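Written out below as structure tokens is the structure these notes cover.
The values are calculated or read from the model by the stated rules, or taken from the named source; none is laboratory data. The structure presented is a predicted model; accordingly, all values stated were derived computationally and were not measured. Cβ: placed from backbone, ideal geometry, glycine included. Neighbour counts: every protein chain shown. Calculation scope for accessible area: heavy atoms of the full protein, side chains included, ligands and nucleic acids excluded. Shrake-Rupley method; radii C 1.70, N 1.55, O 1.52, S 1.80 Å.
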Amino acid sequence: MVVYIDLIFLTNLLIDWVLLFLTAWMQKKKPKWWRMIISSIIGALYVVMMFVPELTFLYTFLIKFTLSLFMIWTAFGFHSLQAFTKTIGTFYVVNFVAAGGVLGVHYMLQSSADLFNGILFTTTGGVSFELQVGFWFVFITFFAVLLVFKGVQSSKRKTEQMSVFFGDIIVEIGGVEVTCTGLVDTGNQLTDPLTRTPVTVMEASLWESHLPPSWKGRISEVSADTLIMELEEEFIWQDRLRLIPYRGINKGTSFMLALKPDSVKVMMNGTCYTPRRTLIGLDGGKLSSEGKYQAIIHPEYVQEPAVVKTTAGQTEKPLNVV
């Protein structure tokens, strides 16, 4: 028998990429394409190793499960244990559904002669099949897969419901433009107490290369007024700095660093919003543990859109969006 290793590698590379793509689609994730390719290569190389007799010890349950964790980590990264566990569950559900579908179609397309070729008659008059799976295993696994699939689909519906509150925010400061995904939080009432200017909060890491080096990694640890007092080097955006007082949950009044931008655009559901009065607050941590958004958009930013295209190709001003 002749085995073409290159064809086996390429076939499994494509299969693994499709499985990872479907996992990302169900989780509404957008991983980097090169991470997906590297993860697929890892999976394809593992299949090729089965032709090396010295590596047969790798084909155990523990090694296979560990490899799947490594593939998921390579493709999607690790943002939180909850998100990572959910992605692993989705990945296995996609694999089980794909394997079951392939097996079902295989038997459906087989002729009666092919089916009987897979049946073995024992000397005692019994009948057995090449594929032997215990009844209780099938019973328990069947309902377990259904429960996992129901949970994943329920999570997917919740994600789709939340997607109407996501938008792309484009901020320009001194010729520097930063774009990220933002969540419109109707409960966000953070404003500058003097000018009543609404404040949108963004992760400071998005502006890290343009902020003073002494602020790196300290925005979440040191108070904002202390950072400004320690500012010695010439900061090109110094005249744009603002201190915004706010009260956190179960905390006293604190100050947040904010920047006065030149312009802000919010793209949401095909509509472009251009708020006139804006401030960008800087948060030193992660706003989303799963990395779904990097900004919390003030609801006043999406009140009056700039231009909305209708089906007739004309423009009109719709009702306010809250």
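Observations on the model:
- Modelled this way, with points 7 Å down the Cα-to-C-beta line, the labels at GLN238 and LYS32 are 3.6 nm from one another.
- In the complete set of protein chains, residue-level accessible area for SER254 is approximately 40 Å², probe 1.4 angstrom.
- Segment 17-41 and segment 179-214 have their alpha-carbon centroids 31 Å apart.
- Listed residues HIS79, HIS298, HIS210 arranged by accessible area, highest first, probe 1.4 Å: HIS79, HIS210, HIS298
- Amide H to amide H distances under 5 Å link THR197 with ASP192, where only residues 5 or more positions off or on other chains count and H is placed in the peptide plane.
- Solvent-accessible area of VAL302 with every protein chain in place, 1.4 Å probe, in Å² to the nearest 10: 0
- Probe 1.4 Å, all protein chains present, accessible-area order of LYS32, LYS265, LYS216, LYS260, largest first: LYS216, LYS32, LYS265, LYS260
- In this simple spin-label model, placing a label point 7 Å from the Cα along the Cα-to-Cβ direction at both SER220 and GLU177 gives a separation of 2.9 nm.
- Nitroxide proxy distance, nm - points 7 Å out along Cα→Cβ at ILE228 and TRP25: 5.0
- In order through segment 85-92: 3J(HN,Hα) via Karplus (6.51 cos²θ - 1.76 cosθ + 1.60), integer Hz, x for Gly, Pro: 5, 5, 5, 4, x, 5, 4, 5
- Area accessible to solvent at GLU300, 1.4 Å probe radius, in Å²: 90
- When all protein chains stay in place and ligands, DNA and RNA are ignored, the 1.4 Å accessible-area order of ASP185, ASP262, ASP192, largest first, is ASP262, ASP185, ASP192.
- With θ taken as phi - 60° and the Karplus curve 6.51 cos²θ - 1.76 cosθ + 1.60 applied, the whole-hertz 3J(HN,Hα) list for segment 284-297 is x, x, 9, 6, 10, 5, 9, x, 6, 8, 10, 8, 10, 7 Hz, x standing for glycine and proline.
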